[in-house]
1. If we keep just the residues of the stretch B:97-109 that are in contact (Cβ under 8 Å) with a residue 60 or more places away in the chain and more than 7 Å from chain A (Cβ to nearest Cβ), which is nearest to A:CYS136 (Cα to Cα)?
2. Mind listing just one residue for me: the one in the stretch A:159-191 that is more than 17 Å from the chain's Cα centre (by Cα) and away from every other protein chain (no Cβ under 14 Å) and, of those, modelled with the highest pLDDT?
3. Based on what the data block shows, is B:LEU94 touching a helix residue (DSSP H, G or I) at 6+ places or on another chain (Cβ under 7 Å) and within 14 Å of chain A (Cβ to nearest Cβ)?
4. Can you tell me which residue in the stretch A:111-141 is surrounded by the fewest Cβ atoms within 10 Å (Cβ to Cβ), limited to those that are outside any loop (DSSP other than H, G, I, E, B) and more than 9 Å from every other protein chain (Cβ to nearest Cβ)?
5. Check whether at least one residue in the stretch B:50-60 is without any contact (Cβ under 8 Å) to a residue 24 or more places away in the chain and not in a loop (DSSP other than H, G, I, E, B), and report yes or no.
6. Taking B:GLU17 as meeting all but one of (1) surrounded by 12 or more Cβ atoms within 10 Å (Cβ to Cβ); (2) at pLDDT below 90; (3) outside any loop (DSSP other than H, G, I, E, B), write down the number of the exception.
7. What is the one condition in (1) buried (at least 24 other Cβ atoms within 10 Å of the Cβ); (2) at the interface with chain B (Cβ under 7 Å from one of its Cβ atoms); (3) touching a strand residue (DSSP E or B) at 6+ places or on another chain (Cβ under 7 Å); (4) farther than 13 Å from A:CYS207 by Cβ that A:SER156 does not satisfy?
8. Looking only at the stretch A:83-110, which residues are small (Gly, Ala, Ser), more than 12 Å from chain B (Cβ to nearest Cβ) and crowded, with 17+ Cβ neighbours inside 10 Å?
Amino acid sequence: MTTAPATAAPLAIVPPEVATDAVVIHDETVAARNPWTRVIAAGDTLTMVDVGGNQAVDFLVYDAHDTELRYSAPDTLQGQDTIYLTTGSVLRDAEHGPLMTVVADTCGRHDTLGGACSKESNTLRYGHHTRAQHACVENFLLGGSRHGLGKRDLVSNINWFMNVPVDPDGALGIVDGISAPGLAVSVRAERDVLVLISNCPQINNPCNGFDPTPVRVIVTRP
Amino acid sequence: MTTATTTGAKAHAREQELAAAAELPRVLHPASAYVGELSPGVSAGDLVWAETVPPGGYTSLVVAAGTRVRVRDTTGDACAHLLVFHADQPTERLNVADTVKVQWQAFLTAGHLLLSDQGRALATIVEDTAGNRADAPRHDALFGTSTLVRNAERYGSGDVFGPSPAGRELFALAAAKHGLTRRDIPPSVTFFEGVSVSDDGRPAFVGSSGPASITLVAELPLIVLLASTAHPLDPRPEFTAGPLDVVAWPGAPTVPGDPAWDATPEGRRAYENSTAHRRTRGADR
């Protein structure tokens, strides 16, 4: 993982809505299967780039000053008229307060229902033989542990670039992705927030095209 | 009657149970005094708990593995907000995302499991009289519970002592009775007010089919938190909630040979994990 000097990175990959007059203050490539955490200051924007295409980015966000105020999938859905996230979606905490807003999205829609893969749930989904495999919850626990967070702080998360349709009869599942190399989503911090990312290591379903790849994370300041 | 002295205050306090004899008690002691509708094959004499949660109220129960817990909407107006935790290690709790993802189904009904974040079955829904249909779900696992902020916007108040209590506030109180805080409250499920999802992902409130009940089997020792308050997507301008009857009776967890055990491979492995966990902890010997 590398961090480029401020303003040195090309902005071409950042959506124009975000890039206009913005200064890059952090630019990093998160290797496949790795966690990533960072405090994003109020007003700054985090852009996540699906470098290789169809790479699920599992994502949790907390109020940096009071981590009990954390992302809530139900509150986020209550505040909009769709189960998916895209430009305009407000990521809300469990007391219904806004944490971040999606300000640009070239992918189109992102998942709010599927949660994170874990070694334990892998045993249910694919068989007890998958228990040893790396999983997003491991990344969340490792990343969170650097900020005083533990198991109690993990809740249903966002999966950027992951495709989880719900059929009219309620059937739902992770199916082939609709993302592609270079597509990106940008979220602006509405207050100082702590972001936890797991660059999903799952290899048993199509969420990563069966081949986990890097994701690029860029923080810009207006 | 004077309450100016300790003797007078004690007498005043002790008068109240008698004076309230005409009111329906919220919690029945003994539970066998329950006269409401029960599951087939169950009699009031089997009950270890019977309680009526008033509209806008909450309760919590700690139950042994195998216990049947039945929640009944007696009026057709109730929405039951539910959370379950492993009683011995409550950091293990309901994981709604795993519950719907592992079972490939967002609309929960009889036959579905409530899964923990540790790949175990916390409970099985063994009975559902709500008339759940694939195109008209009567329960909801996606939209969670209500908050102070949102109930204040919608009804003017979300206070637990007000006319339209918020589910999260009720859960915070119920959780606190078990040493748990808001940090321990994950997304919850609701019963008796359904929400469908259109092809393009838009929710539509389906609502209630009238009085109904669901019955859970505890697959592990559980803390059960239950709140009775309006569904967060209920479009009616007036706050709508109803009483919930909660009864419980003893039983056994799901075992090999039960139809539920082999109903799906995902469920079987969840039961295998729960059974192994009970055994390593010294139960089921």
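The values are calculated or read from the model by the stated rules, or taken from the named source; none is laboratory data. Keep in mind the model is a prediction, meaning the values are calculated, not measured. Every residue, glycine among them, receives a Cβ derived from its backbone with ideal geometry; neighbour counts consider all protein chains shown.
1. Filtering first and then ranking leaves B:THR99.
2. Of everything passing the filter in the stretch A:159-191, A:ARG191 is modelled with the highest pLDDT.
3. Against the criterion (touching a helix residue (DSSP H, G or I) at 6+ places or on another chain (Cβ under 7 Å) and within 14 Å of chain A (Cβ to nearest Cβ)), B:LEU94 does not qualify.
4. Only one residue tops the list, namely A:HIS129.
5. Taking every residue of the stretch B:50-60 in turn, none turns out to be without any contact (Cβ under 8 Å) to a residue 24 or more places away in the chain and not in a loop (DSSP other than H, G, I, E, B).
6. Of the numbered conditions (1) surrounded by 12 or more Cβ atoms within 10 Å (Cβ to Cβ); (2) at pLDDT below 90; (3) outside any loop (DSSP other than H, G, I, E, B), the odd one out for B:GLU17 is (1).
7. Failed condition: (3).
8. Passing the criteria: only A:ALA104.
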